[in-house]
Amino acid sequence: MHGKDVELQGVSMVFGDVVAVAPTDLTIRAGEFFSILGPSGCGKTTILRMISGFLTPSAGRILIGGEDMGDIGPNRRPTALIFQNLALFPLMSVWENIAFGLEARGMPKKARRERAMELIDLVALRGHEEKRTGDLSGGQRQRVAIARALAVEPAVLLLDEPLSALDAKLRQHMRAELKAIQRKTGVTFIYITHDQGEALTMSDRIAVMNKGAVEQVAASDRLYDDPQTPFVATFVGEQNVFAGRVIEAEAGFALLDTPFGPLRGRNRDGLAAGASAVLCVRPERMQLVNGALPDNVISADVERRDLEGPFVNLFLKRNEESIVLHLPNRGAAGRELSGEQQIGFSADDGLVLTSGRLARD
């Protein structure tokens with residue numbers, strides 16, 4: 001098996017008066033694990049269905065391996081689609097489920113079973129081939145669905161929130177399984193999710209969508225450390241957001257006048273004095289001030305402390321505005337804190353962006 005690149009050229013989808021997907025240009029590389037991340041209703045599943053051929057774009061072209069898919073129906077495209085509900089056949093055995101698409105293509109039974117057994121080994125289900133799918137665990141059924149999709153040797157595998165029905169621990173396990181299968185096969189994976197953890201963990205690159213438009217495409221580290229818009233900054237991971245106005249800009253940094261006082265951060269958008277802006281800083285990049293003062297210092301009152309195993313969430317408040325710190329759990333982290341505290345962060349850890357819609361708005 002090998003993957004093919006997928007290219008969207010000015011692709012859009014309109015349902016009546018509703019623009020589900022705004023004109024979009026997007027290139028997914030051959031053999032890439034590519035995720036489309038966004039909240040419900042942002043248009044990500046619509047894009048997947050246009051790539052698969054189950055929806056015809058209102059405008060634009062979709063190319064797979066350089067070939068225009070305009071007149072090619074879903075059954076003739078080099079794609080396979082895994083739905084959220086998996087759609088396995090309960091009265092068939094595991095190997096028969098996997099081989100179903102091969103039977104439809106006229107492959108003899110012996111060859112079908114041989115191919116199914118190869119895939120059963122790939123997804124680590126040896127010993128379960130004669131079982132009915134209803135006798136399997138959720139993670140095992142997930143692997144059957146993946147093997148069935150791979151049986152027809154697609155160049156592009158399309159996955160529509162396939163892990164959403166699994167419990168949290170199994171989801172984490174299946175993330176690693178999916179990534180390993182993708183690496184072994186070299187098939188292009190296009191993965192739809194609203195779960196930022198899934199996207200960050202598995203993907204080579206991620207497209208973040210908001211209201212029908214792609215706001216940023218980047219690798220996980222770049223997306224997390226250098227978001228381009230306030231929506232991406234607040235949708236991918238947590239942020240403390242300080243709104244204000246730029247009062248000084250120099251040497252790649254901007255100083256904002258905020259309700260918490262003047263705060264300095266990286267001036268990503270090159271904003272000039274007078275511009276309306278937000279400064280974003282990750283909770284894990286903030287610290288309790290103890291000794292040397294960082295670039296930015298804020299006084300706030302401790303509201304509560306939440307323990308989450310390996311780290312502690314410390315919630316503070318000032319003038320009805322909340323601030324969150326993530327502290328490593330070293331036993332006493334934040335346990336005895338109360339009243340007013342000083343917290344701070346480096347200017348390098350603050351990101352100044354043009355004011356815009358936040359994910360929580």
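Worth pointing out:
- Hits in the range 147-166 (condition: of a type outside the set (K, R) and either open to solvent by 30 Å² or more (accessible area, probe 1.4 Å) or under 11 Å from L86 (Cα atoms) (or both)): A149, V152, E153, L159, D160, E161, P162, L163, S164, A165
- Any pair with Cβ under 6 angstrom, 6 or more apart, that starts in the range 58-78 at a residue that is within 13 Å of D5 (Cα to Cα) and ends at one that is open to solvent by 60 Å² or more (accessible area, probe 1.4 Å) and in a loop (DSSP other than H, G, I, E, B): I64/K4; G65/K4
- Look at the range 304-323: where a residue is in contact (Cβ under 8 Å) with a residue 24 or more places away in the chain and a partner is open to solvent by 70 Å² or more (accessible area, probe 1.4 Å) and of a type in the set (D, E), sitting 6+ places away or on another chain with Cβ atoms under 7 Å, you get L316/D301; L316/E303; R318/D301.
- Qualifying residue in the range 128-138 (condition: closer than 17 Å to P154 by Cα, surrounded by 13 or more Cβ atoms within 10 Å (Cβ to Cβ) and without any contact (Cβ under 8 Å) to a residue 40 or more places away in the chain): no
- None of T79, T27 is among the polar types (S, T, N, Q), touching a strand residue (DSSP E or B) at 6+ places or on another chain (Cβ under 8 Å), closer than 27 Å to L178 by Cβ and open to solvent by 30 Å² or more (accessible area, probe 1.4 Å) except T27.
- Filtered residues of the range 1-41 (kept if of a type outside the set (D, E), outside any strand (DSSP E or B) and touching a Lys or Arg at 6+ places or on another chain (Cβ under 6 Å)): A30, G38
- Considering the range 262-289, and only residues there that are β-branched (V, I, T) and assigned to a strand (DSSP E or B), the residue that is nearest to Q342 (Cα to Cα) turns out to be V281.
- When G252, G197 are checked against the criterion of being small (G, A, S), without any contact (Cβ under 8 Å) to a residue 24 or more places away in the chain and closer than 30 Å to V123 by Cα, G197 stands alone in meeting it.
- Residues in the range 333-350 include none that are assigned to a helix (DSSP H, G or I), in contact with a His (Cβ under 9 Å, 6 or more places away or on another chain) and either modelled with pLDDT of 90 or more or basic (K, R) (or both).
- Elements of type strands (runs of 3 or more DSSP E) in the range 196-261, at least 1 residues being over 13 Å from the mean Cα position of the chain (by Cα): 213-218, 240-250, 253-258
- Screening G106 against (1) in contact (Cβ under 8 Å) with a residue 12 or more places away in the chain; (2) open to solvent by 40 Å² or more (accessible area, probe 1.4 Å); (3) under 30 Å from G66 (Cβ atoms); (4) assigned to a loop (DSSP other than H, G, I, E, B) leaves a single unmet condition, (1).
The values are calculated or read from the model by the stated rules, or taken from the named source; none is laboratory data. Since this is a predicted model, take the numbers as computed values, not measurements. So basically every Cβ, Gly included, is an ideal-geometry build from the backbone, and we count neighbours across all protein chains shown. Heads up: the accessible areas ignore ligands, DNA and RNA and are worked out on the full protein's heavy atoms, side chains in. Shrake-Rupley method; radii C 1.70, N 1.55, O 1.52, S 1.80 Å.
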